[in-house]
Every structure is written in C-alpha cells, then in structure tokens.
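Asks: Mind looking over this structure? Questions follow.
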Amino acid sequence: MINLGVLGMSPGNGHPYSFSAIINGYNGAAMDAAGWGGIHDYLRRRKSEEFGIEGVRVSHVWTQDYDESARLSRASNVATVCRNLDEMVDAVDGALIARDDYMLHRELAEPFLKRGKFVFVDKPLSLNVDDMIYFSPYLENAQLMSCSGMRFARELDEIRNDWASFGKVKLIRATVLNDWRKYGVHMIDALLGLTSLRPINVSMAPVQGFESRLIQLDNGSIFQVDNLGETCKTFRFDIFGATKNGSFDLHDNFSAFKRLLEGFVQQIRTGTNTVPMQDTNDSMRLLIAGIRAQEEKRTVLLEEIKI
C-alpha cells in the first residue's frame, strides 16, 4: 500500500479536499459542511467505481489549522490528522502539497525531499529562481513532480492523440479566468502536455480590461494566453491549424485531477518522471518571463531566466 499525506490549505483552493476524495472517496455531508459544495457537486456526478487508485490511499492530513484538517479528514475519508509535519514525514511514502501559494512550497517540500520521499507540488512550483535551482536535482531524479491538472485534460485528447491532423499550427489561444501568476500555468501546462514545441519569448499584447500575453514558439507560431481576471469559470483552449481548427472548454476537473494523481503514483512506482523536467522548467521560466514582460514593458526571452 502506498500511503500519501496531503498538506496545506490556501484561500480558495480546494485541491486538498478534491485530491484526497478522488483517491479515498468522500462524505458528501461533511464536504458540504466544510464549505466545498462546488467540489461535492462534481464528485456526486461520478460513478463509485471511478474513485480510487489501486494500492493507494491518502492516509494522513496536516494543515495550518487543526480544525481545518479535521474537516478535511471527515470529508475525504483521511484516517490520521497530524498536529505537525514531523508526524507525517516518516509515516507516508509521498506527499501531496496541494496549496497554490508558491512562496511556501520549498519550506513545505524540503522535509520530505530530504528524507527521500516523493513529493507532488501543486502549481505553480515556484516563481522564485533560487527555489527552482533548489528543486532542480529532485526534478532530475524523479523525486519531485509539479504541474497543473490541465496538462491531463480529457477534453484535449483529440489534440493530444492527433496533433498532425491540424496541419501547420499558426495560432493557439488560451483563455482563462483570474491572473497570470496562478492561472496562466493551467494553460501553459495544457500546451506543454500536447506538443514538443518550446516557448522562446513572451511579450504583452496591447489590450485593455484584461491581461494578454503573446508567446512565440520555436516553430514561429504564436501561443496567446488571455487572463480575464474576475469572471465566470473559463478554461478555453483554441487551436488554429492549416487543415482544421478546434475549440475546447476544459471543465472536467475530476478526470484531469485523477490522471494527474495516477501520474504521480506511476512516478513513485517506476522512479521515472511523468512530466519531463524540461516541461516543468519551461513552464516556470515562461511564468517568470511573463511577469518581467509586464513589469519591464518589453519582450523577454526565456533564456534570460537561468534555472
């Protein structure tokens, strides 16, 4: 049995609840009582046999607030509530750091990495170059995995399975709610999960009312990412090729998260990277370059970001 520990909560991010529930099953009343009715809504639509990964359980939980940990334990059937991280580190085979405030990712991951545990870190891994340099050997030896669930989005399987059918791709446009720092990564990782094309540089598009970035890929095509700020749930991916076009709304969180978790378990079992290290590094370099492009009002080359 592979025992996983889930740790951390950050405002508005229910991944500790949803990740644990996808593996362990859930208690609907407790999920609602914890304030995650939206998660309960998509969980209740799934068949019972869709839950679980054979030979795996989320066995331990720790958050900054013991009461929050207890609520998560009841909602997602996690047996052991820890009062501190030390209680968890030696008891689990791997850790799910399911909070998205990247400033704390290194601090939370370090005790597990130092003791040889496998670690999944929610996106974005870090927008701090020094932290990315610290994480580098753990990415290289497949002890660490980090990406958005949108890398595995079921709705993108048509592209993933037959990229060539689109012919020469001229434009890929991704539209997402909220900001670049936390939500741009969803669309970047979605793209990197589909193709070997590499981002070269990024600049801001001259628009008002939302943020738009133009990313040049190494084949000359453009990847445009529009962050709309506060708006309705929006995860849209458009691809324009010489022979056909496609538009995809990414709403199946359950399948994306389940595939992500299966990928992490596969990494534990095989000791090989589910997400290539270059993809993780390019994703973070692009996020950092996109911030600099906005702050410095210029085109920023990814090669400027030394990770």
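Asks: Between helix 253-270 and the chain, what is the angle of the helix's C-alpha long axis to the longest principal axis, kept within 0 to 90° and rounded to the nearest 10?
Replies: 70
Asks: Compute the helix-to-body angle for 129-140: its Cα long axis versus the longest principal axis of the chain, expressed 0 to 90° and rounded to tens.
Replies: 70
Asks: Looking at region 120-278 from every direction and averaging, what is the projected area of its Cα convex hull in nm²?
Replies: Numbers: hull surface 38.5 nm².
It is 9.6 nm².
Asks: Which whole-number percent gives the relative contact order of the chain, counting Cα pairs below 8 Å spaced six or more residues apart?
Replies: Relative CO of the chain lands at 18 percent.
Asks: Express as a percent, rounded to the nearest 5, the fraction of DSSP beta bridges in the chain (both residues included) that run antiparallel.
Replies: 50
Asks: Would you mind checking the pairs K47/K170; K123/K306; K258/K306 and listing those with alpha carbons more than 31 angstrom apart?
Replies: Numbers: K47/K170 40 Å; K123/K306 20 Å; K258/K306 33 Å.
Violating the 31 Å Cα-Cα cut-off are K47/K170; K258/K306.
Asks: Ok, one more. Excluding residues fewer than 8 places away in the same chain, name every one of the aspartates and glutamates whose C-alpha is closer than 15 Å to that of K244.
Replies: E158, D162
Asks: In vacuum, with every alpha carbon of region 152-210 counted as one equal point scatterer, what does the Debye formula give for log10 I(q)/I(0) at q = 0.21, 0.25 Å⁻¹? Two decimals, please.
Replies: -1.01, -1.27
Asks: Based on the Kirkwood radius over alpha-carbon pairs, what is the Stokes-Einstein translational diffusion coefficient of the chain at 4 °C with 1.567 mPa s viscosity, in µm²/s? Display every interim value, and only then the final one.
Replies: Values: Rh = 19.8 Å.
Reported coefficient: 65 µm²/s.
Asks: May I pose another question? Counting alpha carbon pairs within less than 8 Å and at least 6 residues apart, what relative contact order, in whole percent, applies to region 3-141?
Replies: Computed over region 3-141, the figure is 29 percent.
Here, each number is a calculation from the coordinates, and none is a lab measurement. All of these numbers come straight from a predicted model, not from anything done at the bench.
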